[in-house]
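Every number here is computed from the coordinates shown, using simple stated rules; none is lab data. As the structure is a computational prediction, the values presented were derived from the model and not from experiment. Note that we place each Cβ from the backbone using ideal geometry, even for glycine, and neighbour counts take in every protein chain shown.
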Amino acid sequence: LGNLQQLQFLSIEHNQLSGSIPSELSTAVSLEVFKGWDNQFSGSLPAELFQLPALRELNLVDNDLEGALPNELGQASNLTLINLARNQLTGPLPESLGQLGDLQKLDLGDNEFDGVIPTEYANLANLEVLSLRGNQLGGDLPEFISSYTNLITLNLGDNNFSGVVPEA
């Protein structure tokens, strides 16, 4: 698929596709939407995927992806939707994700992320949906969440957060 340089929309969801997501996909430089949810993709997300200049939507929910999210995630500056829920992703949430100022929907629920919500996420002012449910995140809920004025859905359930709920 990497040879398809004019490809803008890749929809391969709800199949039994397996193996790693090929890093060669990064040569599909026109790719805007990648829907690969409900498959059996495994391994880690290739860092090269986030160097696609036109990528706006990445939906790989309900696969067997594992490992940490690459720091290169912050280079995908046109992303408006990231849905990586229901995988086996681990480690801390990447600070570089806070560089994605156009991001509207972020769902990293039902993985194995740990640590805290990075302060860099204060830059995600356009978020409409934020779901980090079902991880191992902890610490205080960040005050900046109350500044997400476009937020419609906030799901932080089934984690280890403590302290007080931030005031509006």
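Key figures for this structure:
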quantity	calculated
Inter-probe distance in nm under a simple model that places probes 7 Å from Cα toward Cβ, at Phe161 and Val33	3.1
Calculated from backbone phi, Karplus (6.51, -1.76, 1.60) coupling profile of the stretch 135-141 in Hz, x at Gly/Pro	10, 10, 6, x, x, 6, 6
Simple label model, 7 Å out from Cα along Cβ direction - Ser23 to Glu112, nm	2.3
Relative packing of peptides 141-150, 39-48 - highest average C-beta neighbours within 10 Å first	39-48, 141-150
Karplus 3J(HN,Hα) series, Hz, for the stretch 142-149 with 6.51 cos²θ - 1.76 cosθ + 1.60 (x for Gly, Pro)	x, 4, 5, 4, 6, 8, 7, 5
Placed amide H near Leu65: partners under 5 Å, 5+ positions off or other chain	Gln88
Computed over the chain, Kirkwood Rh from alpha-carbon pairs, angstrom	16.1
Environment charge at Ser20 (Cβ cut-off 11 Å; Lys +1, Arg +1, Asp -1, Glu -1)	-3
Leu137 long-range amide H proximity, modeled H, under 5 Å	Asn160
